[in-house]
1. Please state which of the following conditions B:R83 fails to meet, knowing it meets all the rest: (1) modelled with pLDDT under 90; (2) open to solvent by 60 Å² or more (accessible area, probe 1.4 Å); (3) not assigned by TED's automatic domain parsing to the domain that holds B:A197.
2. Report, ordered by the first and then the second residue, all pairs with beta carbons closer than 8 Å, sequence separation of six or more or different chains, a first member in the range B:41-58 that is under 10 Å from B:R13 (Cα atoms), and a second member that is part of a helix (DSSP H, G or I) and among the β-branched types (V, I, T).
3. If you scan the range A:41-59, which residues turn out to be near DNA strand C (Cβ under 9 Å from one of its atoms) and part of a strand (DSSP E or B)?
4. State whether one or more residues within the range B:147-158 are in the same structural domain as B:S192 (by TED's automatic domain parsing), of a type in the set (F, W, Y), touching a strand residue (DSSP E or B) at 6+ places or on another chain (Cβ under 9 Å) and modelled with pLDDT of 90 or more.
5. I'd like the residue in the range B:135-159 that is more than 8 Å from chain A (Cβ to nearest Cβ) and open to solvent by 30 Å² or more (accessible area, probe 1.4 Å) and, out of all such residues, is nearest to B:A196 (Cα to Cα).
6. What do you reckon, is A:R220 more than 19 Å from the chain's Cα centre (by Cα) and surrounded by fewer than 18 Cβ atoms within 10 Å (Cβ to Cβ)?
7. Quick one: which of A:A196, A:A254, A:A165, A:A241 is at pLDDT below 90, farther than 22 Å from A:F116 by Cα and not in a strand (DSSP E or B)?
2 protein chains.
Amino acid sequence: MSSLPILYAEERRQSILELVNRSGRVAVGDLSKRFGVSSVTIRTDLQTLAEQNLLVRTHGGAVSTGPAAAEMAIALRRERKVREKQRIGRAGAALAANGDAVYLDSSSTSLAIARFLKSRRLLTVITNSLMIVQELLDAPHIQVMLTGGSFQRETAAFVGPYTHAFLNQVHIQIGFFGAHGIAAEPGLTDISPEIAAAKRPVLKRCRQAVAVVDASKWGRVGIAPFAGIDEIDIIITDDSAPADAVRAVEAMGADVRFV
Amino acid sequence: MSSLPILYAEERRQSILELVNRSGRVAVGDLSKRFGVSSVTIRTDLQTLAEQNLLVRTHGGAVSTGPAAAEMAIALRRERKVREKQRIGRAGAALAANGDAVYLDSSSTSLAIARFLKSRRLLTVITNSLMIVQELLDAPHIQVMLTGGSFQRETAAFVGPYTHAFLNQVHIQIGFFGAHGIAAEPGLTDISPEIAAAKRPVLKRCRQAVAVVDASKWGRVGIAPFAGIDEIDIIITDDSAPADAVRAVEAMGADVRFV
DNA sequence: CGATTATTATGAAAGCAATTGAAAGAAAAT
DNA sequence: ATTTTCTTTCAATTGCTTTCATAATAATCG
């Protein structure tokens, strides 16, 4: 067992990655014995690797992320905070009036809203998200418009200058925006500049801009800011949002609603 | 059969998902026996998956969902002239050079071309067809651009003025166009004015325009013409095309190639 | 058709393993 | 020597699964 005398953390993680990709799965206990470190250490390793999307964490171990082909479908479907998003989705959908042109961005919360809009009529849904188009395929009474642009595989969204050009031509009654983080400063942020760039022009075109963020987003700040708190009309979140972060945002005059 | 000793919850759910997608339905009792866990555990699994919209819960089990994915898959299976289209697709794909921007319209023959382009690199595929985007999801080396516009459910294509606007902004090396009919006069036709209107502007933007039509299209004339024979550089068809119709088109100077 | 019976579902409680967070110790880097 | 990073221990927490009792649903029979 001590055939590998000492390994740097990085080397060990590399080895773990090889193992999980070779056999498809690893167990914390096995790894702990194999490398001669505590199980807590292995867990932090797995967590680190999971954060980089190099494997998928499970109870007691981890499994490989699978073949790159199905990667997107699985990753996007493995939603978290499902219940919270569902409640936020229902509340958000209720804000759209008949006849409205509704914008849904490429976020899982917007997808939740789409699910509640499916049964509606006389709605136009504008989006840059492939997932939302697919979700609305069997909603025959909803007119669906896609922005077009360059397809970004990681997010299943369309981005880039052509997306921008499309969005500068439409008028929208109400727009829903997910975010990676929300904080008093700098406001709403996301993880990719392209995604943020796709959201920014739409905001200006919406009579009403609604941010939809579950509790985990509060206080977080992503690399790419796309909207200040003052640009958002309504913020919908769930009631487990941290109170101090919410207060800081409300102090700037935001209308925060809990579901 | 149950040689798998212990499965992580995640793995088990993944397996259940595969089973339900493969056979269309699963029963709680079967799953419970197969995985060697209690029926209550299976129920929580099914509930979790149902919350993520990955399947639909029923009494005693679950049935597969994905009206989007499944429906489209069925539509694709209804294709006719599969073998001919495959041959045409291979020949068409061979015309695209590395580095090209390729346009594929929303026709089943273009979809056949997309399948042959998947393994290529350094290609940009521009399309207004949702099915082609989906086909190229797992072709990571191909950049995919979608025109955007209004979604037309019958053809799974994007059409309308926004589509038009997008297409006026791009330059394309080679474009492939399916058609409902081809004849010396009025040339290439389709069944819907919207579809025809989406094809017309692209034609002018392509250095090379290729019509891909199986034998059944010759001599047929649809309601909406979109290109004269003189606007087309190459016509690819299969060798069972009616000779007289082909001759009439060739007499106008067309380059007709058989596969 | 209604009543009975069998099957399936749901909720609560409990056991166990895995996880997380905090605090402190060890190793490496500056 | 000091800071930083990594690792461990320990306690508290969470998550998964089971059992059992009860409710709801489907199927069967009179």
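1. Only one criterion in (1) modelled with pLDDT under 90; (2) open to solvent by 60 Å² or more (accessible area, probe 1.4 Å); (3) not assigned by TED's automatic domain parsing to the domain that holds B:A197 is unmet by B:R83, namely (3).
2. B:I42/B:I16; B:I42/B:V28; B:D45/B:I16; B:L46/B:I16; B:L46/B:V28; B:L49/B:I16
3. A:R57, A:T58 - these are the residues of the range A:41-59 that are near DNA strand C (Cβ under 9 Å from one of its atoms) and part of a strand (DSSP E or B).
4. Checked the range B:147-158: at least one residue is in the same structural domain as B:S192 (by TED's automatic domain parsing), of a type in the set (F, W, Y), touching a strand residue (DSSP E or B) at 6+ places or on another chain (Cβ under 9 Å) and modelled with pLDDT of 90 or more.
5. Only one residue fits best here, namely B:T155.
6. So A:R220 fails the test.
7. A:A241
One line per residue, one yes/no per condition, for (1) open to solvent by 20 Å² or more (accessible area, probe 1.4 Å); (2) among the aromatic types (F, W, Y); (3) assigned to a strand (DSSP E or B):
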position: A:K204; (1), (2), (3): yes, no, no
position: A:Q208; (1), (2), (3): yes, no, yes
position: A:A211; (1), (2), (3): no, no, yes
position: A:I236; (1), (2), (3): no, no, yes
position: A:R247; (1), (2), (3): yes, no, no
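The values are calculated or read from the model by the stated rules, or taken from the named source; none is laboratory data. All figures in this text were calculated on a predicted structure; none of them were measured in a lab. Here the Cβ is made from the backbone with ideal geometry for all residues, glycine too, and neighbour counts use every protein chain on show. Note: accessible area is taken over every heavy atom of the protein model, side chains too, but ligands, DNA and RNA are not part of it. Shrake-Rupley method; radii C 1.70, N 1.55, O 1.52, S 1.80 Å.
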